[in-house]
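*Asks:* Below is the structure I would like to discuss, written out as structure tokens.
Every number in this text was worked out from the coordinates using simple rules, so none of it is lab data. Because the structure is a prediction, the values reported are computed rather than measured. Please note: Cβ atoms are built from the backbone with ideal geometry, for glycine as well, and neighbour counts cover all protein chains shown.
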């Protein structure tokens, strides 16, 4: 009988260790997925800021060029403003159909990626 109780105690210890290890593995995997999604979002944010500044300076340059060609500063800036409003309208139209779906797919793919997790690798996060 004592051997039987020892067997259950050993099994309980192994089961507890297994569940603790499993919880630790899930924490590591979720941290890795969160870091991956966060890094992609930061990349998208920084790229968006750079594109914004490029468009802004390109807009100023184009507005002054058109102002010089038409001898009217307000006319040059009006043309550039209309073109930016058209870009905004295109963005609004295509956001729901194209961009929103791409961002959702990117995040979903990052969270449900089925690559094996290498616990011995210190370089990869």
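*Asks:* Could you list, in sequence order, all residues of the stretch 33-54 that are in contact with a helix residue (DSSP H, G or I) (Cβ under 9 Å, 6 or more places away or on another chain) and farther than 20 Å from residue 103 by Cβ? Step through it out loud before you land on a result.
*Replies:* In the first step, residues of the stretch 33-54 are kept if they are in contact with a helix residue (DSSP H, G or I) (Cβ under 9 Å, 6 or more places away or on another chain); the result is 33-34, 36-37, 40-41, 44.
Across the stretch 33-54, there are no qualifying residues.
*Asks:* Which condition number does residue 78 fail, the rest of (1) touching a helix residue (DSSP H, G or I) at 6+ places or on another chain (Cβ under 8 Å); (2) surrounded by 13 or more Cβ atoms within 10 Å (Cβ to Cβ) being met?
*Replies:* (1)
*Asks:* Further, regarding this structure: Being more than 26 Å from the chain's Cα centre (by Cα) and part of a helix (DSSP H, G or I), is that true of even one residue in the stretch 24-46? Spell out how you get there, then give the answer.
*Replies:* We begin by selecting, within the stretch 24-46, every residue more than 26 Å from the chain's Cα centre (by Cα); these are none.
Checked against the condition, which is being more than 26 Å from the chain's Cα centre (by Cα) and part of a helix (DSSP H, G or I), the stretch 24-46 yields no hits at all.
*Asks:* Residues in the stretch 52-68 that are over 21 Å from residue 42 (Cα atoms) and either surrounded by fewer than 11 Cβ atoms within 10 Å (Cβ to Cβ) or touching a strand residue (DSSP E or B) at 6+ places or on another chain (Cβ under 6 Å) (or both): how many?
*Replies:* 1
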